[in-house]
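The block underneath contains the structure these notes are about, expressed in structure tokens.
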Amino acid sequence: MAKELTSREENYSQWYNDLVQKADLAETSAVRGCMVIKPYGYAIWEKMQAQLDKMFKETGHVNAYFPLFIPKSFFSKEASHVEGFAKECAVVTHYRLKNSPDGKGIVVDEDAKLEEELIVRPTSETIIWNTYKNWIQSYRDLPLLINQWANVVRWEMRTRLFLRTAEFLWQEGHTAHATKEEAIIEAEKMMGVYSQFAREWMAMPVLEGVKSANERFAGAIETYCIEALMQDGKALQAGTSHFLGQNFAKAFDVKFLDKTGKLEYVWATSWGVSTRLMGALVMTHSDDHGLVLPPKLAPIQVVMIPIYKTQEELDSFKDYINNLKSKLIEKGISVKVDDRDTHKPGWKFAEYELKGVPVRIAAGPRDIAGNTIEIARRDTLTKEVIPIENAADYISDLLDKIQINLYEKSIVFRNQNTHHVNTYEEFKMKIEDGGFIYAHWDGTPETEEKIKEETKATIRCIPINEGSEEGTCIVTGKKSVGKVIFARAY
RNA sequence: CGGGGUGUAGCGCAGUUGGUAGCGUACCACGUUCGGGACGUGGGGGCCGGAAGUUCGAGUCUUCUCACCCCGACCA
């Protein structure tokens with residue numbers, strides 16, 4: 001048992017750390033707060049990227065790339081934006097090193113100080129809006145619908161693999177529109193894209209809503225978000241989409257001539273999801289045996305493991321499963337045959353369980369004699385023996401079933417951990433067990449702050465598309481227009 | 001940035017009042033095994049995080065540093 005996982009019950013965050021590293025998703029690096037994403041983890045990210053990118057293109061967006069460095073002066077142009085990010089920016093001050101005078105190593109060459117310091121982008125609004133100014137003159141240039149895949153740096157004090165790292169990978173969409181309404185529709189649409197991706201690809205249920213003022217993006221008028229519930233009862237913000245109003249247009253003087261010849265500021269949105277989704281994926285489905293991946297994002301969907309003693313038996317296994325393998329590949333299913341002679345079947349079973357491969361097929365002399373294969377499901381940890389004839393169709397259906405089962409299990413979990421409360425006392429009790437809590441709130445930042453200080457819970461989102469009824473705030477007793485969703489969050 | 005902890009073989013750890021480094025696992029070779037992480041035998045691998053000090057002698061004692069982990073404040 002070389003790779004024993006800490007159980008979730010014993011220590012949830014240790015379980016997460018163990019799992020990410022032992023399943024070969026990522027590891028900590030020599031650089032503080034920065035991770036190395038390993039090939040298996042990166043393969044999952046690539047699958048996420050591929051699907052998201054497709055969805056962005058389908059909604060009319062194109063990709064571009066903007067610089068890693070942002071002149072410091074750009075940053076200060078939007079007041080609340082700079083305030084939000086100033087505390088966590090990496091700054092480039094020099095452009096040259098030299099040999100240390102004492103002969104030991106190298107030092108920064110003080111003569112090579114930059115005239116204007118550069119910020120390593122924590123997000124790209126400023127450099128992008130500075131650029132858009134040159135691209136937009138008339139309503140005919142709008143809407144401008146651009147996305148970029150990039151890395152960003154936020155100098156976090158405490159980091160965790162995928163969930164919060166100093167450098168992370170993400171995509172950031174930045175759009176410009178002629179009207180406020182159009183920009184709002186865009187921001188809502190992208191939240192919908194994220195939500196759909198989370199449900200259908202990650203098999204992860206999410207709540208859709210808007211952020212309270214306290215939680216809003218620095219520089220946004222409205223922040224839309226999707227919020228997921230992790231197995232330990234903590235909420236995780238999985239994606240955000242911002243309606244930026246004309247804040248950045250005004251800060252960077254981006255105007256256009258409308259059809260009537262009037263000069264107007266453009267309306268903006270930005271939206272992003274990051275490698276944090278990897279953390280969400282791990283914490284939504286995985287168990288004490290290891291990773292559990294939804295088939296749609298699994299780099300290997302089916303692994304085939306031979307049971308054999310002799311070379312002849314191995315050869316006959318290969319012949320035996322070759323046809324099935326081809327049929328699966330024809331169906332677009334990714335298959336790996338693990339015929340390594342260096343590990344025993346039992347070892348391989350445990351390994352692929354740890355790595356979350358959705359379906360495992362094993363076959364040995366007994367199966368070959370009886371024209372059967374053994375199929376094991378990662379999500380339920382069940383095994384069955386089926387005839388190899390028509391196994392391809394069976395497996396194809398099974399992958400769909402697993403995808404659905406994971407989503408349904410997650411829905412059940414979330415429902416079991418979602419509560420409505422009517423008093424603050426009840427709230428304080430329920431919050432200790434984790435989960436989402438619906439409660440009436442008077443709409444003021446002060447009340448939210450008080451609740452956060454006393455219970456560590458924040459408003460994860462103000463639900464939309466759920467309908468709401470009036471009530472009274474659980475803390476102040478003042479009027480509330482509808483319940484909002486609280487949780488302790490990552 | 002506060003509070004706590006840990007740095008010794010790839011990984012996980014032990015190392016007594018200071019005496020020149022060991023266990024498990026992984027790795028390599030050979031043989032027996034192979035339907036849920038096999039076993040035996042033999043082998044390779046360490047500037048004991050770094051620097052300075054005390055000492056005849058430091059993994060062990062002292063000081064200083066650095067890194068990482070956990071818990072808070074901040075955050076996607």
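Observations on the model:
- Taking the fewest neighbouring Cβ atoms within 10 Å as the starting point, the ordered list for A:Tyr224, A:Tyr424 is A:Tyr424, A:Tyr224.
- Label-to-label distance for A:Asp397 and A:Glu453 is 6.0 nm, based on points extended 7 Å past Cα in the beta-carbon direction.
- Calculated mean residue ellipticity at 222 nm for chain A: -11000 deg cm²/dmol, from DSSP H runs with n ≥ 4 weighted as -39500 (n - 2.57), summed, divided by the residue count and rounded to 500.
- Residue list for the stretch A:349-372, given a label point 7 angstrom along the Cα-to-Cβ vector of A:Asp341 and an amide N cut-off under 14 Å: none
- A cut-off of 5 Å between modelled amide H atoms, ignoring neighbours fewer than 5 places along the same chain, links A:Leu114 with A:His94, A:Tyr95.
- Residues A:Tyr132, A:Tyr490, ranked from the fewest to the most other C-beta atoms within 10 Å, line up as A:Tyr490, A:Tyr132.
- Sorted fewest first by neighbouring Cβ atoms within 10 angstrom, A:Leu293, A:Leu52 come out as A:Leu52, A:Leu293.
- The stretch A:121-211: GluC sites (Glu not before Pro) in DSSP loop, at most 10 other beta carbons within 10 Å: none
- The alpha carbon centroids of the stretch A:189-237 and the stretch A:358-411 are separated by 33 Å.
- Taking label points 7 Å from Cα along the Cα-to-Cβ direction, A:Val385 and A:Ile106 give a separation of 6.4 nm.
- Loop-located chymotrypsin sites (Phe, Trp or Tyr not before Pro) in the stretch A:1-83 whose Cβ has at most 12 other Cβ within 10 Å (DSSP): A:Tyr65
- Length available on full extension from A:Glu200 to A:Met157: 0.36 nm per residue minus the Cα-Cα distance, which gives 12.1 nm.
- A straight chain from A:Phe69 to A:Glu446 at 0.36 nm per residue would run longer than the Cα-Cα distance by 132.1 nm.
- Checking the cross-link pairs A:Lys22/A:Lys327; A:Lys318/A:Lys355; A:Lys77/A:Lys180 against a 25 Å limit on the alpha carbon distance flags A:Lys22/A:Lys327 as lying beyond it.
- Our coupling estimate for the stretch A:307-318, obtained by passing each phi through the Karplus curve with A = 6.51, B = -1.76, C = 1.60 and θ = phi - 60°, is 10, 7, 10, 10, 4, 4, 5, 5, 4, 6, 4, 4 Hz, Gly and Pro reported as x.
- The simple spin-label model puts a point 7 Å past each Cα toward its Cβ; for A:Lys133 and A:Glu181 those points are separated by 3.1 nm.
- Over 34 Å [Cα-Cα, chain A], rounded percent: 46
- Here's how it looks for A:Val273: its modeled amide H is under 5 Å from those of A:Gln171, which are all 5 or more places away or on a different chain.
Quick note: the coordinates plus some simple rules give every number you see, no bench work behind them. Everything numeric in this text was worked out from a predicted model, so none of it was measured. Here the Cβ is made from the backbone with ideal geometry for all residues, glycine too, and neighbour counts use every protein chain on show.
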